[in-house]
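The values are calculated or read from the model by the stated rules, or taken from the named source; none is laboratory data. Since this is a predicted model, take the numbers as computed values, not measurements. Quick reminder, even Gly has a Cβ in these numbers, built from the backbone with ideal geometry, and neighbours come from all protein chains shown. The accessibility values were calculated without ligands, DNA or RNA, using every heavy atom of the protein model including side chains. Shrake-Rupley method; radii C 1.70, N 1.55, O 1.52, S 1.80 Å.
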Amino acid sequence: MRGRPYNPRMTPSPGVHSRWTYVECPRDSWQGLHRPIPLQSKIDYLLALLEAGFTHLDLGSFVSPKAVPQLADTGQVLAALPSPRPGRADEETRDYLCIIANARGLESAAQEEKVTSVGYPLSVSDAFQRRNTGKSLEESWPLLAELRALASEADKRLVVYLSMGFGNPDGEPWAVQTSLDAVARCRDLGVSDVALADTVGRASPELVAEVCRAAVARFGPDKLGVHLHARSEQAVALALAARDAGIRWFEGALGGVGGCPFAGDTLVGNLPTEQIAPALGLPFENLSVLAERARALQYDYA
Ligand SMILES: CC(=O)SCCNC(=O)CCNC(=O)[C@H](O)C(C)(C)COP(=O)(O)OP(=O)(O)OC[C@H]1O[C@@H](n2cnc3c(N)ncnc32)[C@H](O)[C@@H]1OP(=O)(O)O
């Protein structure tokens, strides 16, 4: 893609509209692809996202390379990116988030100066937590306390992705209260940033509205996000339902691709950024070209 040259002084930051945060998630797009995307292709794509005005990128992970081989080169990817931290007062701050699933992952991320945030997937479903991270929920809550301490020592923001936060496909009991209680428990442990994730894309706009309204009523909109998955035709309705409920932190992936490889057959892609960013009034550039590029990577490296 030909675009404007990388310019760290773009203001105002289009990714963070005073109260809005938009996280573009190439990590989620790529993590399930079987053929390795060449390092340079990843770097070029991420630089194009920065050029297009994305300031918050979920771009890699520090997990077992056996579990997610596609992202084993995250350290090399980071090395090629510009620093997320501004060198001058008029430069914008970026957020580079990487997923971690255990203390070892956090320790690896802590070594990376350019990682500003780490994301821990914590499910309300015991079955999914075991599939995704090899740990029960009973083991995962104390681990979260440990991760919180390690993250603050390393000066990294810790985000909890509350997987299956809109119900789960494993037949375990779930109610809106289940997710709210999990958010409260995260906050009690000192983890402020929590994104409610519909990992398998099962929520209707009505359910998104119900969960988000209840969450905003109990916790307020600050540091409360949604990471939704859906088929393309429902994506905008879901995003608007969350927005109308007061959510201001959204996540998606260009092309509407991706998803967790451990979520099972019912997986659907991320919310397509090229649809939901305009619907939310977020002015990123080159969205249709970038979406095409995201889909081409899926096709070429499936
Ligand atoms: C909803 C979402 O989309 S979340 C994102 C997608 N999900 C993920 O990225 C989670 C990926 N999951 C994992 O990496 C694994 O489940 C783990 C590592 C967290 C746990 O797996 P377990 O098999 O229980 O862990 P265990 O400690 O036995 O280690 C297994 C192997 O991984 C290696 N390993 C464990 N943690 C890490 C790490 N953070 N970084 C690199 N390697 C690791 C171990 O060395 C071991 O390797 P070996 O088989 O060569 O000896």
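Across the range 142-174, the qualifying residues are those that are in contact with a strand residue (DSSP E or B) (Cβ under 8 Å, 6 or more places away or on another chain) and open to solvent by 30 Å² or more (accessible area, probe 1.4 Å), and the one among them that is farthest from Ala110 (Cα to Cα) is Trp174. Scanning the range 38-73 for residues that are within 16 Å of the ligand (Cβ to nearest atom) and among the hydrophobic types (A, V, I, L, M, F, W, C), we see that the one that is most open to solvent (accessible area, probe 1.4 Å) is Ala72.
Within the range 274-302, the residues that satisfy the criterion of being among the polar types (S, T, N, Q) and within 30 Å of Ala245 (Cα to Cα) are Gln275, Asn286, Ser288.
Would you check if Asp28 is of a type in the set (Asp, Glu) and either modelled with pLDDT under 95 or under 18 Å from the mean Cα position of the chain (by Cα) (or both)?
yes
Can you tell me which residues in the range 195-207 are of a type outside the set (Lys, Arg) and either in a loop (DSSP other than H, G, I, E, B) or more than 14 Å from the ligand (Cβ to nearest atom) (or both)? Correct list: Asp198, Thr199, Val200, Gly201, Ala203, Ser204, Pro205, Glu206, Leu207.
Among the residues of the range 153-192, those identified as within 14 Å of the chain's Cα centre (by Cα) and in contact (Cβ under 8 Å) with a residue 60 or more places away in the chain are Arg157, Val159, Tyr161, Ser163.
Scanning the range 275-295 for residues that are farther than 10 Å from Val257 by Cβ and open to solvent by less than 40 Å² (accessible area, probe 1.4 Å) returns Ile276, Ala277, Ala279, Leu280, Leu282, Phe284, Leu287, Leu290. Among the residues of the range 20-32, those that are more than 10 Å from the ligand (Cβ to nearest atom) and buried (at least 21 other Cβ atoms within 10 Å of the Cβ) comprise Tyr22, Val23, Glu24, Pro26, Ser29, Trp30. The lone criterion from (1) open to solvent by 30 Å² or more (accessible area, probe 1.4 Å); (2) within 20 Å of Gly105 (Cβ to Cβ) left unmet by Ser83 is number (2).
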